[in-house]
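A quick write-up on the structure given underneath.
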């Protein structure tokens, strides 16, 4: 039986209501699927490269997970400037701005790569960790977020590269699935669903995620899943 920790990504508004809080201070909280309850990570919504992005220091974890952001008007809009020099400079300025406060408050900012954002692929994630080594910045390996629809046919090659380069250095692995929505053709975005309920696991093939996890991710690195059908999801990844 694997000893790898499994966390479930709970809706923070629902948790806040359960414990009598008026409003949540984050969007989601990753908590253990079993054992003593504690917050492994607090997921923060919004675009860090916009002027209105803020962190609530009352978040229940010192690890704060956020997207790296975009220069677009919408969080997942298709804005080419994001990957150009302008976007890179804005991201560097953001890192320089928040790093002293993160150190002061003993917080870690864990970036969730997305193919529409400044940290959108393996190269950008590795570069961030190399350039900011020793700083309060981490990477969440989230393969489904890094896949654009145009990449689905070669998803196995992309997933293998993601795990090979980021599996050993990621703070955690978020494993979700993807499905086509009524707007995918227009937006170029998949919809997120539970592992095993979408296109990614079917495209990769049986046992592939379990193998990539075992080969490239240390057993001390936790896995985060969406709530529901937990045993079925665990079976897909050999846990």
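Laboratory data are not the source of any read-out in this text; all were calculated from the coordinates shown. This structure is a prediction, so every number in the text was calculated from the model and none was measured. All Cβ positions, even for glycine, are placed from backbone atoms using ideal geometry, and neighbour counts span all protein chains on display.
So if we plug the beta-carbon distance of residue 84 and residue 105 into 1/(1 + (r/R0)^6) with R0 = 35 Å, what FRET efficiency do we get, rounded to 0.05?
The pair residue 84/residue 105 has a calculated efficiency of 0.65.
Taking the simple approach of a point 7 Å from Cα along Cα-to-Cβ for both residue 57 and residue 92, what is their distance in nm?
Roughly 2.9 nm, to one decimal.
Would you mind telling me the antiparallel percentage of the DSSP bridges in the chain, rounded to 5?
Approximately 40 percent, going by the DSSP bridge assignments.
What distance in nm separates the two pseudo spin-label positions at residue 14 and residue 231, each 7 Å out from Cα along the beta-carbon direction?
My value for the distance between the label points is 2.0 nm.
How far is it, in nm, from the label point at residue 152 to the one at residue 184 when both lie 7 Å from their Cα along the line to the Cβ?
0.3 nm
Scan [x] 1.12; [y] 1.69; [z] 0.98 for the value of Cα Rg over 2.2 N^0.38 Å calculated from this model and give just the label.
Of the listed options [x] 1.12; [y] 1.69; [z] 0.98, [z] comes from this structure.
If you average the sequence gap of Cα pairs under 8 Å that are 6 or more apart and divide by the length of the chain, what percent do you get for the contact order?
Reported relative contact order: 17 percent.
So, in Å, what gap is there between the alpha-carbon centers of region 208-239 and region 68-110?
One Cα centre to the other: 29 Å.
Cα extents of region 84-187 along the three principal axes, largest first, in whole Å?
For region 84-187, the Cα spread along each principal axis is 44, 29, 22 Å.
Taking the number of other C-beta atoms within 10 Å as the exposure measure, put 131, 121 in order starting with the fewest.
By the 10 Å Cβ count, ascending: 131, 121.
If you take the C-alpha gyration tensor of region 191-239, multiply each eigenvalue by 5 and take the square root, what semi-axes do you get, largest first, in whole Å?
Over the Cα atoms of region 191-239, the semi-axes work out to 17, 14, 9 Å.
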